[in-house]
Structure formats: structure tokens, C-alpha cells
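Remarks on the structure that follows.
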Amino acid sequence: MTTDFKGETAIVVGATGAFGQAIVERLLNRGLKVVAVARSATSVQALSETHAGVIPCVADISNDSAIEAIRAVLNSTVRAVVHGPGVGVAGGILEAPTATMVDAVNIKVGGLLRLSRAADSFLTEGSRLISIGGHYGLEPTAYAASAGVANAALFNVSRQLSLAYGERGITAHVIAPGPADTERLRKVAVARAEMHGCTVDDVLDEMKAESSISAFTTPGQVAWAVDMLIDPEATAMTGSTLMLDSGRRRGLP
């Protein structure tokens with residue numbers, strides 16, 4: 001699909017992370033300007049210096065102040081918002097600090113609502129609200145408490161947004177990657193290794209084996225899914241969750 005989005009904007013929360021950087025590059029290649037949102041001024045400024053077309057926006061998506069901070073840098077139609085912040089690794093459900101669990105839901109769910117409200121007056125028919133969720137929101141485990149709970153809530157809220165925005169022709173989607181070989185995954189692996197008394201490498205090998213193709217999902221694959229969702233044909237997928245789990249999910253649907 002070669003739809004021309006020149007002059008339009010995408011907003012990416014978590015733009016300096018492993019997924020975010022791949023998504024930013026892909027959206028720039030579609031002709032979009034990208035408002036890159038992150039808490040670190042240093043990292044988001046570095047991203048803007050590396051890629052022409054990136055507009056840095058320093059904001060904490062866990063706080064309502066982010067609404068005005070993001071809105072203040074917008075001046076054109078927003079074709080897509082991409083909500084992909086990381087959340088704290090809380091460990092297993094029996095030991096996970098409740099504060100970390102609450103923070104994760106605030107970042108994932110509260111953050112999506114703040115982002116959509118910041119962009120609301122710039123959205124148009126065909127705009128996309130895209131969230132990066134995760135496999136553990138649909139396949140609960142005993143060792144990834146915050147990711148499981150926050151992503152499960154995200155799926156529900158995204159579906160609600162698809163219903164609320166539908167009459168304006170604006171659609172909402174969640175991408176649910178499986179584990180990706182990133183710094184965050186290694187933190188999850190450390191928690192699981194401590195629980196089972198084994199090495200981190202043992203855990204990573206075991207997690208890879210959970211895939212039907214013995215693979216982790218890559219940031220590039222997540223960026224491809226975002227790219228696909230901004231095509232006009234993707235309106236038919238509104239409210240749905242796109243599984244990029246490399247064959248890990250066992251349940252139906």
C-alpha cells in the first residue's frame with residue numbers, strides 16, 4: 001500500500017524503546033511526521049537528531065500533564081497514535097508489589113486514554129488508535145504479573161474506544177507481540193529464573209521453545225504490523241487484537 005500521508009502526523013509513545021525506534025522509522029518511511037514521546041529529554045532529542053521528521057516531545061504518559069504536553073506540539077491531522085510504553089517488571093503474582101501492578105495499569109490504560117484525548121481534535125476519518133499490548137494479557141502466567149494484568153485491561157479499553165470512536169470513522173487496535181529479545185524480556189527472565197532456581201539463559205531457551213517456530217518476536221515485525229494497520233483496509237480490524245506471538249497462544253480464539 002502506497003497511501004500518501006505527507007503532511008500528516010503520527011504520535012509514538014515509547015519512541016526510544018526497542019519497539020518504538022523500529023516503529024518510528026517505519027512510519028517516517030510512509031511519509032508521516034512523527035511526534036516521538038518519551039520521558040527522557042536526552043534520548044528523545046537524540047532520536048530527533050538521527051531521523052529527520054521526528055518531533056521530540058518530553059512527557060510522562062502516566063500523568064495527566066502529558067495531555068497538554070502532547071497536544072501543544074500538534075499542528076496537523078493525526079493519522080495514527082501508537083501507544084507502546086514499557087511498564088515495570090513486578091515478578092510473579094505471589095510476590096509482585098501491588099504498587100507496581102497499579103502503576104502498570106495506569107501507564108498502559110491511563111496512558112492510552114491520555115494519548116487519545118491529547119490527539120482527539122486532530123483525529124479524522126481513517127485515523128488509528130494503536131496500542132502495543134502483549135501475549136501475557138491473553139495467556140496468564142505466574143511470573144509476569146504486571147504485564148498480564150495491564151495488557152488484559154488494555155485489550156478491554158481498546159475495544160471500548162473502538163465503539164466510542166466508530167461513528168467518526170476512527171478505529172482502535174491492539175498488537176500483542178510474543179516475547180521479544182529485548183532488555184525488558186531479560187528482566188522478566190531474571191524474575192522467572194529466580195522463581196525456578198535456574199539460569200537466565202535456561203529461561204530464555206525455554207521461552208523460545210514455547211513458540212511453535214522456536215522464535216522470539218522482533219521489533220521489526222511489530223513495526224510491520226503498525227505499518228499495515230494504517231492502510232485503509234485495516235478499518236475492518238477495528239476493536240481486534242492482532243497476535244504477533246510467533247505461535248505461542250494455545251487457546252481459541
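The values are calculated or read from the model by the stated rules, or taken from the named source; none is laboratory data. For clarity, every value in this text was computed on a predicted model and none was experimentally measured. So basically every Cβ, Gly included, is an ideal-geometry build from the backbone, and we count neighbours across all protein chains shown. Surface areas here come from the heavy atoms of the whole protein model, side chains and all, with no ligands, DNA or RNA. Shrake-Rupley method; radii C 1.70, N 1.55, O 1.52, S 1.80 Å.
The listed residues are I93, I61, and the only one of them that is out of contact with any Gly (no Cβ under 6 Å at 6 or more places or on another chain) and over 12 Å from T16 (Cβ atoms) turns out to be I93. Under 8 Å between Cβ atoms, at least 6 apart or on separate chains: pull out the pairs that start in the stretch 207-224 with a residue that is within 14 Å of G20 (Cβ to Cβ) and end on any residue that is part of a helix (DSSP H, G or I) and modelled with pLDDT under 95. Every condition considered, the pairs that remain are P219/A18. The listed residues are Y143, Y136, and the only one of them that is more than 30 Å from L32 (Cα to Cα), open to solvent by 10 Å² or more (accessible area, probe 1.4 Å) and in contact with a Pro (Cβ under 9 Å, 6 or more places away or on another chain) turns out to be Y136. Among the residues making up the stretch 236-246, those that are part of a loop (DSSP other than H, G, I, E, B) and open to solvent by less than 30 Å² (accessible area, probe 1.4 Å) are G239, D245, S246.
Of the residues making up the stretch 49-75, those that are open to solvent by less than 30 Å² (accessible area, probe 1.4 Å), outside any loop (DSSP other than H, G, I, E, B) and either in contact (Cβ under 8 Å) with a residue 40 or more places away in the chain or under 14 Å from A118 (Cβ atoms) (or both) are C57, A66, I70.
Yes/no matrix, rows are residues, columns are (1) of a type in the set (A, V, I, L, M); (2) exposed (fewer than 13 other Cβ atoms within 10 Å of the Cβ); (3) farther than 27 Å from R30 by Cβ:
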| residue | (1), (2), (3) |
| --- | --- |
| S162 | no, no, no |
| A176 | yes, no, no |
| T182 | no, no, no |
| L204 | yes, no, yes |
| A215 | yes, no, no |
| V222 | yes, no, no |
| D227 | no, no, no |
| I230 | yes, no, no |
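Name the residue that is most open to solvent (accessible area, probe 1.4 Å), counting only residues in the stretch 102-120 that are farther than 18 Å from G148 by Cβ and out of contact with any strand residue (DSSP E or B) (no Cβ under 7 Å at 6 or more places or on another chain). In this case the residue turns out to be R117.
For the residues A90, A99, A46, the requirement of being open to solvent by 10 Å² or more (accessible area, probe 1.4 Å), assigned to a loop (DSSP other than H, G, I, E, B) and either of a type outside the set (D, E, K, R) or modelled with pLDDT of 95 or more (or both) singles out A90. The residues of the stretch 120-136 that are more than 21 Å from F19 (Cα to Cα) and of a type in the set (A, V, I, L, M) amount to a single one, L123.
Within the stretch 146-174, residues that are within 16 Å of I130 (Cβ to Cβ) have Cβ atoms under 8 Å from residues that are in a helix (DSSP H, G or I) and open to solvent by 40 Å² or more (accessible area, probe 1.4 Å) in these pairs: V157/L113; G169/T235; T171/T235; T171/M237; A172/R159; H173/M237, counting only partners at least 6 apart in sequence or on another chain. Only residues that are among the hydrophobic types (A, V, I, L, M, F, W, C), in contact with a Lys or Arg (Cβ under 7 Å, 6 or more places away or on another chain) and touching a residue at least 40 places away in the same chain (Cβ under 8 Å) were counted in the stretch 176-206, giving 0. Of all residues in the stretch 33-42, those satisfying the criterion of being surrounded by fewer than 24 Cβ atoms within 10 Å (Cβ to Cβ) and within 18 Å of the chain's Cα centre (by Cα) are R39, S40.
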